[in-house]
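Asks: Have a look at the structure that comes next, please.
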Amino acid sequence: MNYLYEQQVAPGQLIEVADGIMWLTMPLPFELDHINLYLIRTNEGWVVVDTGIGTSKTKALWEEIFSQLDAPISGVIVTHLHPDHIGLAGWIADTFDVPFYMSQTEYFSARAFSAGSSGASKERDKRYFHQAGLDSSMINQLTAGDNKGYSSVVSPVPLSFTRLRHQMTLDLGGQQWHIIIGKGHSPEHACLFNKEKNILISGDHVLPIITPNIGAYSTEPDANTLKDYLDTLPQFYDLPEDVIVLPAHKLPFVGLHERVEELIAHHNEHIDALLVACQKPQTVVSLLPVMFKRKLGVRNMVFAVAECIAHLNYLISKGLLARRLNDLGVYEYSQTQVKQLAG
Ligand SMILES: [Zn+2]
(Lines give C-alpha, C1' and ligand atoms only; values in the text may rest on other atoms or scores of the structure.)
Protein backbone atom coordinates (compact mmCIF):
# COMPACT_ATOMS: atom_id res chain seq x y z
CA MET A 1 0.00 0.00 0.00
CA ASN A 2 1.37 3.38 -0.96
CA TYR A 3 0.23 6.79 0.14
CA LEU A 4 0.07 9.55 -2.45
CA TYR A 5 0.89 12.24 0.11
CA GLU A 6 2.89 12.47 3.28
CA GLN A 7 0.51 14.60 5.25
CA GLN A 8 -2.98 15.97 5.46
CA VAL A 9 -4.06 19.02 3.53
CA ALA A 10 -4.60 21.97 5.91
CA PRO A 11 -8.23 22.91 6.63
CA GLY A 12 -9.49 25.53 4.18
CA GLN A 13 -7.03 24.48 1.46
CA LEU A 14 -7.57 22.52 -1.72
CA ILE A 15 -5.29 19.96 -3.34
CA GLU A 16 -5.98 18.59 -6.81
CA VAL A 17 -5.53 14.83 -6.21
CA ALA A 18 -6.54 13.88 -9.74
CA ASP A 19 -7.68 15.63 -12.88
CA GLY A 20 -10.72 17.67 -11.79
CA ILE A 21 -10.86 16.25 -8.28
CA MET A 22 -10.06 18.35 -5.25
CA TRP A 23 -9.23 17.03 -1.80
CA LEU A 24 -9.94 19.07 1.32
CA THR A 25 -10.28 18.32 5.03
CA MET A 26 -12.48 19.57 7.82
CA PRO A 27 -11.62 19.31 11.52
CA LEU A 28 -13.55 16.98 13.83
CA PRO A 29 -13.79 17.39 17.61
CA PHE A 30 -12.95 13.71 18.23
CA GLU A 31 -9.93 11.49 18.65
CA LEU A 32 -10.15 11.06 14.88
CA ASP A 33 -9.62 14.76 14.29
CA HIS A 34 -10.36 15.24 10.59
CA ILE A 35 -12.48 14.10 7.68
CA ASN A 36 -11.51 14.14 4.01
CA LEU A 37 -14.00 15.65 1.59
CA TYR A 38 -13.81 15.75 -2.19
CA LEU A 39 -14.98 18.05 -4.95
CA ILE A 40 -15.62 16.75 -8.47
CA ARG A 41 -15.38 19.24 -11.35
CA THR A 42 -18.14 18.65 -13.91
CA ASN A 43 -19.48 20.64 -16.88
CA GLU A 44 -22.11 22.06 -14.57
CA GLY A 45 -19.94 22.99 -11.63
CA TRP A 46 -18.45 21.34 -8.56
CA VAL A 47 -20.09 18.34 -6.93
CA VAL A 48 -19.39 18.02 -3.20
CA VAL A 49 -18.75 14.53 -1.81
CA ASP A 50 -19.39 14.54 1.97
CA THR A 51 -19.59 17.73 3.96
CA GLY A 52 -18.06 17.69 7.45
CA ILE A 53 -19.78 18.01 10.78
CA GLY A 54 -22.44 20.72 11.09
CA THR A 55 -20.70 23.40 13.14
CA SER A 56 -20.08 27.10 12.57
CA LYS A 57 -16.37 26.33 12.28
CA THR A 58 -16.96 23.95 9.36
CA LYS A 59 -19.33 26.45 7.73
CA ALA A 60 -16.68 29.17 7.90
CA LEU A 61 -14.13 26.84 6.28
CA TRP A 62 -16.61 25.97 3.52
CA GLU A 63 -17.11 29.70 2.83
CA GLU A 64 -13.35 29.94 2.31
CA ILE A 65 -13.45 26.96 -0.04
CA PHE A 66 -16.41 28.31 -2.03
CA SER A 67 -14.56 31.59 -2.60
CA GLN A 68 -11.63 29.68 -4.16
CA LEU A 69 -13.74 27.74 -6.67
CA ASP A 70 -14.02 28.77 -10.30
CA ALA A 71 -17.59 27.49 -10.68
CA PRO A 72 -20.68 27.14 -8.50
CA ILE A 73 -21.61 24.04 -6.51
CA SER A 74 -23.82 21.83 -8.71
CA GLY A 75 -24.63 18.90 -6.43
CA VAL A 76 -24.06 17.26 -3.04
CA ILE A 77 -23.36 13.54 -2.62
CA VAL A 78 -23.28 11.97 0.83
CA THR A 79 -21.71 8.52 1.22
CA HIS A 80 -23.51 7.66 4.46
CA LEU A 81 -25.49 9.08 7.34
CA HIS A 82 -22.77 9.67 9.95
CA PRO A 83 -22.68 13.31 11.12
CA ASP A 84 -19.16 14.00 9.87
CA HIS A 85 -20.35 13.11 6.35
CA ILE A 86 -23.88 14.52 6.21
CA GLY A 87 -23.42 17.36 8.73
CA LEU A 88 -23.67 20.31 6.32
CA ALA A 89 -25.30 18.57 3.35
CA GLY A 90 -28.65 20.27 3.87
CA TRP A 91 -27.02 23.65 4.27
CA ILE A 92 -24.93 23.31 1.10
CA ALA A 93 -27.71 21.73 -1.00
CA ASP A 94 -30.22 24.40 0.04
CA THR A 95 -27.77 27.31 -0.23
CA PHE A 96 -26.97 26.42 -3.86
CA ASP A 97 -30.37 24.82 -4.56
CA VAL A 98 -28.75 21.75 -6.12
CA PRO A 99 -29.52 18.00 -6.23
CA PHE A 100 -28.76 15.97 -3.13
CA TYR A 101 -27.67 12.35 -3.66
CA MET A 102 -27.78 9.54 -1.13
CA SER A 103 -28.76 5.88 -0.96
CA GLN A 104 -32.29 5.24 0.26
CA THR A 105 -31.57 3.52 3.58
CA GLU A 106 -28.93 6.10 4.50
CA TYR A 107 -31.28 8.95 3.62
CA PHE A 108 -34.25 7.77 5.64
CA SER A 109 -32.07 6.69 8.56
CA ALA A 110 -30.60 10.19 8.60
CA ARG A 111 -34.10 11.68 8.56
CA ALA A 112 -35.08 9.43 11.48
CA PHE A 113 -31.99 10.22 13.55
CA SER A 114 -32.43 13.94 12.82
CA ALA A 115 -35.96 13.78 14.19
CA GLY A 116 -34.36 12.68 17.46
CA SER A 117 -35.76 10.52 20.19
CA SER A 118 -36.42 13.06 22.90
CA GLY A 119 -39.23 11.94 25.13
CA ALA A 120 -38.72 8.32 24.16
CA SER A 121 -37.83 5.80 26.80
CA LYS A 122 -34.18 5.15 27.53
CA GLU A 123 -34.99 1.74 28.91
CA ARG A 124 -33.90 -0.04 25.73
CA ASP A 125 -30.53 1.71 25.68
CA LYS A 126 -29.97 0.90 29.34
CA ARG A 127 -30.96 -2.73 28.81
CA TYR A 128 -28.60 -2.99 25.84
CA PHE A 129 -25.64 -1.87 27.97
CA HIS A 130 -26.74 -3.89 30.98
CA GLN A 131 -26.95 -7.05 28.90
CA ALA A 132 -23.41 -6.33 27.73
CA GLY A 133 -22.31 -6.46 31.37
CA LEU A 134 -21.51 -2.77 31.98
CA ASP A 135 -21.91 -1.49 35.54
CA SER A 136 -24.62 1.00 36.44
CA SER A 137 -22.30 3.98 36.81
CA MET A 138 -20.94 3.46 33.27
CA ILE A 139 -24.46 2.89 31.94
CA ASN A 140 -25.61 6.14 33.52
CA GLN A 141 -22.72 8.01 31.92
CA LEU A 142 -23.41 6.51 28.52
CA THR A 143 -27.13 7.28 28.59
CA ALA A 144 -26.97 10.69 30.29
CA GLY A 145 -27.50 12.76 27.13
CA ASP A 146 -30.79 14.02 25.73
CA ASN A 147 -30.41 11.88 22.58
CA LYS A 148 -30.29 14.98 20.42
CA GLY A 149 -26.60 14.57 19.64
CA TYR A 150 -27.26 13.83 15.97
CA SER A 151 -29.43 16.81 15.13
CA SER A 152 -27.13 19.14 17.08
CA VAL A 153 -24.35 18.51 14.53
CA VAL A 154 -26.39 17.83 11.40
CA SER A 155 -28.09 20.68 9.56
CA PRO A 156 -31.66 19.82 8.52
CA VAL A 157 -31.55 17.05 5.91
CA PRO A 158 -33.11 18.14 2.58
CA LEU A 159 -36.72 16.99 2.25
CA SER A 160 -36.07 15.39 -1.13
CA PHE A 161 -33.18 13.44 -2.55
CA THR A 162 -31.92 11.59 -5.61
CA ARG A 163 -31.41 7.93 -4.88
CA LEU A 164 -28.08 6.19 -5.32
CA ARG A 165 -28.45 2.49 -6.08
CA HIS A 166 -25.96 -0.32 -6.10
CA GLN A 167 -24.36 -0.78 -9.54
CA MET A 168 -25.98 2.28 -11.06
CA THR A 169 -24.02 4.72 -13.14
CA LEU A 170 -24.43 8.29 -12.00
CA ASP A 171 -23.97 10.89 -14.71
CA LEU A 172 -22.38 13.99 -13.22
CA GLY A 173 -22.25 16.62 -15.95
CA GLY A 174 -21.04 14.10 -18.53
CA GLN A 175 -18.84 12.06 -16.19
CA GLN A 176 -19.77 8.50 -15.40
CA TRP A 177 -19.51 7.49 -11.74
CA HIS A 178 -20.28 3.90 -10.84
CA ILE A 179 -22.01 3.43 -7.47
CA ILE A 180 -20.85 0.55 -5.29
CA ILE A 181 -22.81 -0.06 -2.10
CA GLY A 182 -20.93 -1.31 0.95
CA LYS A 183 -22.69 -2.42 4.11
CA GLY A 184 -21.72 -3.00 7.71
CA HIS A 185 -20.19 0.31 8.77
CA SER A 186 -23.53 1.87 7.91
CA PRO A 187 -26.59 0.33 6.28
CA GLU A 188 -26.19 1.30 2.61
CA HIS A 189 -22.92 3.18 2.22
CA ALA A 190 -22.21 4.53 -1.27
CA CYS A 191 -18.71 4.33 -2.77
CA LEU A 192 -18.04 6.06 -6.11
CA PHE A 193 -15.83 4.66 -8.83
CA ASN A 194 -14.76 6.48 -11.98
CA LYS A 195 -13.19 4.16 -14.54
CA GLU A 196 -11.66 6.84 -16.80
CA LYS A 197 -10.00 8.61 -13.89
CA ASN A 198 -9.26 5.31 -12.11
CA ILE A 199 -10.51 6.80 -8.84
CA LEU A 200 -12.47 5.25 -6.00
CA ILE A 201 -14.04 7.54 -3.43
CA SER A 202 -14.39 4.98 -0.65
CA GLY A 203 -15.96 7.00 2.18
CA ASP A 204 -15.61 5.07 5.44
CA HIS A 205 -16.10 1.64 3.87
CA VAL A 206 -12.42 1.15 3.07
CA LEU A 207 -9.94 3.17 5.12
CA PRO A 208 -6.15 2.94 5.38
CA ILE A 209 -4.49 2.22 8.79
CA ILE A 210 -7.70 2.43 10.79
CA THR A 211 -10.52 -0.07 10.49
CA PRO A 212 -14.06 1.22 9.98
CA ASN A 213 -16.26 0.71 13.04
CA ILE A 214 -18.54 -2.27 12.51
CA GLY A 215 -21.08 -2.26 15.31
CA ALA A 216 -24.41 -3.57 16.54
CA TYR A 217 -25.97 -0.66 18.40
CA SER A 218 -29.01 -0.39 20.65
CA THR A 219 -31.19 0.50 17.65
CA GLU A 220 -30.69 -3.06 16.37
CA PRO A 221 -28.84 -5.08 19.02
CA ASP A 222 -28.99 -8.35 17.06
CA ALA A 223 -27.69 -6.79 13.84
CA ASN A 224 -25.24 -8.93 11.89
CA THR A 225 -23.31 -5.99 10.51
CA LEU A 226 -20.05 -7.92 10.38
CA LYS A 227 -21.61 -10.32 7.88
CA ASP A 228 -22.80 -7.29 5.88
CA TYR A 229 -19.29 -5.89 5.93
CA LEU A 230 -17.47 -9.10 5.05
CA ASP A 231 -20.02 -9.78 2.28
CA THR A 232 -19.51 -6.38 0.65
CA LEU A 233 -15.70 -6.15 0.80
CA PRO A 234 -14.67 -8.75 -1.84
CA GLN A 235 -16.46 -6.84 -4.64
CA PHE A 236 -13.59 -4.36 -4.49
CA TYR A 237 -11.21 -7.01 -5.83
CA ASP A 238 -13.02 -6.42 -9.14
CA LEU A 239 -11.67 -2.88 -9.33
CA PRO A 240 -8.21 -2.24 -10.78
CA GLU A 241 -5.42 -3.00 -8.34
CA ASP A 242 -3.84 0.39 -9.09
CA VAL A 243 -7.03 2.41 -8.51
CA ILE A 244 -6.41 5.59 -6.52
CA VAL A 245 -8.44 5.33 -3.32
CA LEU A 246 -9.75 8.55 -1.80
CA PRO A 247 -10.88 7.63 1.73
CA ALA A 248 -12.86 9.76 4.19
CA HIS A 249 -10.11 9.57 6.82
CA LYS A 250 -6.30 9.43 6.70
CA LEU A 251 -4.45 9.72 3.37
CA PRO A 252 -5.26 8.87 -0.26
CA PHE A 253 -3.55 5.64 -1.28
CA VAL A 254 -2.94 2.99 -3.91
CA GLY A 255 -3.24 -0.67 -2.91
CA LEU A 256 -6.96 -1.37 -2.65
CA HIS A 257 -6.74 -5.17 -2.94
CA GLU A 258 -4.10 -5.41 -0.24
CA ARG A 259 -6.11 -3.18 2.08
CA VAL A 260 -9.30 -5.21 1.56
CA GLU A 261 -7.34 -8.34 2.39
CA GLU A 262 -6.02 -6.73 5.58
CA LEU A 263 -9.48 -5.63 6.67
CA ILE A 264 -10.87 -9.13 6.20
CA ALA A 265 -7.90 -10.64 8.05
CA HIS A 266 -8.32 -8.14 10.89
CA HIS A 267 -11.90 -9.25 11.52
CA ASN A 268 -11.05 -12.91 11.16
CA GLU A 269 -8.39 -12.50 13.85
CA HIS A 270 -10.95 -10.97 16.18
CA ILE A 271 -13.44 -13.73 15.40
CA ASP A 272 -10.87 -16.43 16.17
CA ALA A 273 -9.73 -14.75 19.39
CA LEU A 274 -13.30 -14.33 20.63
CA LEU A 275 -14.11 -17.93 19.87
CA VAL A 276 -11.11 -19.16 21.85
CA ALA A 277 -12.00 -16.90 24.78
CA CYS A 278 -15.53 -18.31 24.77
CA GLN A 279 -14.33 -21.79 25.68
CA LYS A 280 -15.68 -20.65 29.03
CA PRO A 281 -18.72 -18.35 29.35
CA GLN A 282 -17.94 -14.67 28.76
CA THR A 283 -19.79 -11.37 28.76
CA VAL A 284 -19.27 -8.53 26.29
CA VAL A 285 -17.39 -6.59 28.96
CA SER A 286 -15.11 -9.52 29.77
CA LEU A 287 -14.38 -9.93 26.05
CA LEU A 288 -13.46 -6.29 25.37
CA PRO A 289 -9.75 -6.82 26.22
CA VAL A 290 -9.67 -9.64 23.65
CA MET A 291 -10.47 -7.11 20.92
CA PHE A 292 -9.10 -3.85 22.30
CA LYS A 293 -5.66 -3.71 23.80
CA ARG A 294 -5.81 -0.09 24.93
CA LYS A 295 -7.83 1.34 27.77
CA LEU A 296 -11.25 2.52 26.65
CA GLY A 297 -12.64 5.92 27.56
CA VAL A 298 -16.35 6.62 27.93
CA ARG A 299 -16.77 7.76 24.33
CA ASN A 300 -14.92 4.81 22.85
CA MET A 301 -16.83 2.43 25.11
CA VAL A 302 -20.00 2.80 23.02
CA PHE A 303 -18.14 1.92 19.80
CA ALA A 304 -16.18 -0.89 21.44
CA VAL A 305 -19.26 -2.56 22.94
CA ALA A 306 -21.09 -2.29 19.61
CA GLU A 307 -18.11 -3.69 17.69
CA CYS A 308 -17.75 -6.60 20.10
CA ILE A 309 -21.48 -7.43 19.89
CA ALA A 310 -21.33 -7.33 16.07
CA HIS A 311 -18.56 -9.96 16.12
CA LEU A 312 -20.44 -12.10 18.65
CA ASN A 313 -23.67 -11.87 16.62
CA TYR A 314 -21.72 -13.03 13.59
CA LEU A 315 -20.39 -16.07 15.48
CA ILE A 316 -23.91 -16.87 16.72
CA SER A 317 -25.21 -16.68 13.15
CA LYS A 318 -22.52 -19.19 12.16
CA GLY A 319 -23.67 -21.55 14.88
CA LEU A 320 -20.31 -21.32 16.66
CA LEU A 321 -21.44 -19.42 19.75
CA ALA A 322 -24.54 -19.60 21.93
CA ARG A 323 -25.89 -16.73 24.01
CA ARG A 324 -27.94 -16.96 27.18
CA LEU A 325 -29.13 -14.45 29.76
CA ASN A 326 -27.71 -15.19 33.21
CA ASP A 327 -29.48 -14.54 36.51
CA LEU A 328 -28.28 -10.92 36.49
CA GLY A 329 -29.81 -10.24 33.07
CA VAL A 330 -26.40 -10.18 31.38
CA TYR A 331 -25.67 -12.12 28.21
CA GLU A 332 -23.15 -14.92 28.47
CA TYR A 333 -21.53 -16.25 25.36
CA SER A 334 -19.99 -19.68 25.05
CA GLN A 335 -18.88 -22.03 22.34
CA THR A 336 -21.55 -24.36 21.09
CA GLN A 337 -19.02 -27.17 21.06
CA VAL A 338 -15.47 -27.34 22.32
CA LYS A 339 -13.47 -27.46 19.17
CA GLN A 340 -9.98 -26.87 17.98
CA LEU A 341 -9.71 -23.89 15.68
CA ALA A 342 -8.39 -24.66 12.26
CA GLY A 343 -5.96 -22.15 10.83
ZN1 LIG B 1 -18.92 6.59 9.14
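The values are calculated or read from the model by the stated rules, or taken from the named source; none is laboratory data. None of the values given here were measured: they were computed from a predicted structure. Note that we place each Cβ from the backbone using ideal geometry, even for glycine, and neighbour counts take in every protein chain shown. All accessible areas refer to the heavy atoms of the entire protein, side chains included, with ligands and DNA or RNA removed. Shrake-Rupley method; radii C 1.70, N 1.55, O 1.52, S 1.80 Å.
Asks: Dipole size in debye (nearest 20) for segment 2-275 around its Cα centre, Lys and Arg Cβ +1, Asp and Glu Cβ -1?
Replies: 760
Asks: For segment 182-293, just run the numbers: alpha carbon Rg, then divide by 2.2 N^0.38 Å, N being how many residues it has.
Replies: On the way: Rg = 15.5 Å, N = 112, 2.2 N^0.38 = 13.2 Å.
Here the Cα radius of gyration is 1.17 times the empirical estimate.
Asks: Any idea how far apart ASP33 and GLN337 come out in nm if each label point goes 7 Å out from Cα toward Cβ?
Replies: Taking the simple label geometry, ASP33 and GLN337 are separated by 5.2 nm.
Asks: Assuming 0.36 nm per residue, please report the length gained on full extension of the stretch GLU6 to GLU123 beyond their Cα-Cα distance.
Replies: Result: 37.4 nm gained on full extension.
Asks: Related question: Which percent of the accessible heavy-atom area of segment 2-275 goes to carbon and sulfur, probe 1.4 angstrom?
Replies: Of the solvent-accessible surface of segment 2-275, carbon and sulfur hold 49 percent.
Asks: Separate question: Quickly rank 225-236, 163-174 as a protection proxy: mean count of other C-beta atoms within 10 Å, highest first.
Replies: Per-residue Cβ counts within 10 Å, averaged per peptide and sorted highest first, yield 225-236, 163-174.
Asks: Note the angle between two axes, namely the Cα long axis of helix 298-317 and the longest principal axis of the Cα atoms of the chain, as a number of degrees from 0 to 90, rounded to the nearest 10.
Replies: So the inclination is approximately 70 degrees.
Asks: Quick one, what does Rg over Rh come out to for the chain if you take C-alpha atoms and the Kirkwood Rh?
Replies: 0.98
Asks: Same structure, new question: Leaving out ligands and nucleic acids, and using a 1.4 Å probe, what accessible area per residue does the chain come to in Å²?
Replies: Accessible area per residue: 45 Å².
Asks: Continuing with this model, one more query. With each pseudo-label sitting 7 Å past Cα toward Cβ, what's the LYS148-ASP327 distance in nm, one decimal?
Replies: Distance between label points: 4.4 nm.
Asks: Within segment 20-100, which chymotrypsin sites (Phe, Trp or Tyr not before Pro) sit in a loop by DSSP and count at most 14 neighbouring Cβ atoms inside 10 Å?
Replies: On the way: sites: TRP23, PHE30, TYR38, TRP46, TRP62, PHE66, TRP91, PHE96, PHE100; in loops: PHE30.
Counting only loop positions with at most 14 other Cβ atoms within 10 Å, the chymotrypsin sites (Phe, Trp or Tyr not before Pro) in segment 20-100 are PHE30.
Asks: Going through segment 5-96, which GluC sites (Glu not before Pro) have at most 10 other Cβ atoms within 10 Å and a DSSP loop state?
Replies: Answer by residue number: GLU6, GLU31.
Asks: If you find the alpha carbon centre of segment 240-297 and of segment 75-107, how far apart are they in angstrom?
Replies: Each part reduced to its Cα centre gives a spacing of 28 Å.
Asks: For the residue pair LEU14 and THR219, what label-to-label distance in nm results when each label sits 7 Å from Cα along the Cα-to-beta-carbon direction?
Replies: 3.3
Asks: Within the set LYS122/LYS148; LYS183/LYS318; LYS227/LYS280, which residue pairs have Cα atoms separated by over 21 Å?
Replies: LYS227/LYS280
Asks: For GLU44 and LEU159, FRET efficiency with R0 = 22 Å and r from the beta-carbon atoms, rounded to 0.05?
Replies: Rounded to the nearest 0.05, the efficiency is 0.50.
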